[in-house]
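Reading through the C-alpha cells given below for one structure.
Derivation of every value follows stated rules applied to the coordinates shown; laboratory data play no part. All values reported here derive from a predicted model rather than from experimental measurement. No Cβ is skipped: glycine too gets one built from the backbone with ideal geometry, and neighbour counts run over all protein chains shown.
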Amino acid sequence: MEILNEHINNILQQLPSNVTLVAVTKTRPVAILQQAYELGLRDFGENRVQEMIDKQSILPADINWHLIGHLQTNKVKYIAPFVYLVHSIDSLRLLEEVNRQAEKHNRIIDCLLQIYIATEESKFGLDEPELKVILESAIYKSMNNIRICGLMGMASFSDDTALVRREFAHLKSLFEEIKSAYFAGSTDFSILSMGMSGDYQIAIEEGSSLVRIGTALFGER
Ligand SMILES: *Cc1c(COP(=O)(O)O)cnc(C)c1O
C-alpha cells in the first residue's frame, strides 16, 4: 500500500492539473483496486468486459469505469448500464450498438474514437478517412444516446522516442482539426486519451489530456 501510494503520488506530481489519470487495473486482483480506491483514485481502466463487470459488481459505485480495450459489439450490453467512458470505438457498427444499449438504459454514454497511429500492424483503430466517414454519416448524426468526447490512440511500442513523439503530435493535430471541423461551438469534444507507462511524459508534452497507466502504478504484470 505504501509503495502504491508512492507510485500514485510520483505520477500525479508529473501530471498538469488538466490531465486525468486513469489507473489501468486489468489483470490486477480486486484487493489492489480496493487499495487504489482508498488512496483516492476513482478512474479505473479495464480492457476486458467480463473482468470489468466482475470488478464493478463488488467495488464502490462511485468508480469511473473506462473501457480501454477492443470492444466486441455483442458485449456492449453488459457494460452499458454503468460504463463511464468507452475509449475504443473503432467502427460505426460498434457506435450504433453503444447508442442502442445506452438508449435501453435511458442514458448517454461518452465515447472516444480510437485512431490508428502506430506503425505496428496489430493495433486496432480507425484511419482518418474512416473517422471522417463516421462523423459525416447520417446514422451518426441521428444518434441521441452517445456523445463523442474526443480521440484515443496508442503509439508504437518502441524505444524510438522521436517516432513515439511524432505519432502523438500527429494525433494531437488531428484532434484539433476534428474539433474545429465537427465540434465547433461545442465543449463535448475535449478528451485526448494518449500515453501509457512507457510514454506518458512524451504524450503530455504533446498535448494529452488523459493518460492510461498500469505498470508504473502496480508493477509488472
Ligand atoms: C494495458 C493498457 C494500458 C496500460 O499499459 P501500461 O504499460 O501497463 O501502463 C493503456 N492503454 C491500453 C489500451 C492498454 O491496453
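When Rg is the radius of gyration of the Cα atoms in the range 1-104 and Rh is its Kirkwood radius, what does Rg/Rh come to? If you can, show how the numbers build up before the last one.
Numbers: Rg = 14.7 Å, Rh = 14.6 Å.
Using Cα coordinates only, the ratio equals 1.00.
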Note on the chain: contact order normalised by length, alpha-carbon pairs under 8 Å, 6 or more apart, percent, works out to 19 percent
The answer for ILE191, listing residues at least 5 apart or on another chain whose modeled amide H is closer than 5 Å to its amide H, is GLY150, LEU151
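Filter the GluC sites (Glu not before Pro) in the range 50-145 down to the DSSP loop ones having no more than 13 other Cβ atoms within 10 Å, then list what survives. Could you put the intermediate results ahead of the total?
Values: sites: GLU51, GLU96, GLU97, GLU103, GLU120, GLU121, GLU130, GLU136; in loops: GLU120, GLU121.
For GluC sites (Glu not before Pro) across the range 50-145 that sit outside H, G, I, E and B with at most 13 neighbouring Cβ atoms in 10 Å, the list reads GLU120, GLU121.
How much net charge surrounds THR215 when only the other residues with a Cβ under 12 Å from the Cβ of THR215 are counted, with Lys and Arg +1 and Asp and Glu -1? Don't skip to the answer; put the middle values down first.
Working: positive: LYS26, ARG28, ARG212, ARG221; negative: ASP199, GLU220.
Every neighbour counted, the sum reads +2.
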Taking R0 as 22 Å and r as the Cβ-Cβ distance between ALA162 and GLU121, the FRET efficiency 1/(1 + (r/R0)^6), rounded to the nearest 0.05, comes to 0.60
For LYS75, the lysines lying under 24 Å Cα to Cα, once residues fewer than eight places off in the same chain are dropped, come out as LYS26, LYS55, LYS104, LYS123, LYS141
Here the gain from full extension of ASN18 to ASP188, 0.36 nm per residue of separation minus their alpha-carbon distance, amounts to 59.7 nm
Computed over the chain, the distribution of all Cα-Cα distances in 5 Å bins, rounded to whole %, is 1, 7, 15, 19, 20, 17, 12, 6, 2, 0, 0
For the range 49-65, in residue order, the Karplus 3J(HN,Hα) values (coefficients 6.51, -1.76, 1.60; θ = phi - 60°; whole Hz; Gly and Pro = x) are 4, 4, 5, 5, 6, 4, 6, 4, 5, 10, 9, x, 6, 8, 7, 8, 8
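Within the range 160-221, list the chymotrypsin sites (Phe, Trp or Tyr not before Pro) lying in a DSSP loop whose Cβ has at most 16 other Cβ atoms in a 10 Å radius.
Values: sites: PHE168, PHE175, TYR182, PHE183, PHE189, TYR200, PHE218; in loops: PHE183, PHE189.
Here the sparse-neighbourhood loop sites are PHE183.
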When the charge dipole of the chain is computed with +1 on Lys and Arg Cβ and -1 on Asp and Glu Cβ about the Cα centre, the Cα farthest towards its positive end, among THR20, LEU131, ILE108, belongs to ILE108
